[in-house]
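Some notes on the structure that comes next.
Bear in mind that the values in this text are calculations on the coordinates, not laboratory data. For clarity, every value in this text was computed on a predicted model and none was experimentally measured. FYI the Cβ positions are ideal-geometry reconstructions off the backbone, even for glycines, and counts take in every protein chain you see.
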Amino acid sequence: MALVFQNRNVATLRAKSTEGNFINVPGVTPDETNPVNYPAQVNKILAVGGKAIVADLDMTVEMKKGVIDDGQ
């Protein structure tokens, strides 16, 4: 067994809510290139709880690496 780090194809979005505090949303795609699309899609889910985020200069998308067994 050989453990190695590998980039995951998911990321965590950190954005300001309409109330001014930050909300972290795990599981977003890191391949999105238009920052306005993140709030447009995420707000569909957040609306269930009466929340919303906005696109601004403080918004970040963070990718993480995970450990996998490469089978060697």
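A few comments on the model shown:
- Net charge contributed by nearby residues that have their C-beta within less than 13 Å of TYR38 (K/R +1, D/E -1): -2
- Contact order for the chain, expressed relative to its length and based on alpha carbon pairs under 8 Å spaced 6+ residues apart, stands at 51 percent.
- Given (1) 3, 16, 24, 20, 12, 8, 7, 6, 3, 1; (2) 3, 15, 17, 16, 12, 8, 7, 6, 5, 4, 3, 2, 1; (3) 3, 15, 28, 28, 19, 6, 1, the label whose value is P(r) over Cα pairs in 5 Å bins from 0, in percent derived from this model: (1)
- Shown in residue order for the range 18-24 are the 3J(HN,Hα) couplings computed by the Karplus curve 6.51 cos²θ - 1.76 cosθ + 1.60 at θ = phi - 60°: 5, 8, x, 8, 8, 10, 9 Hz (x for Gly and Pro).
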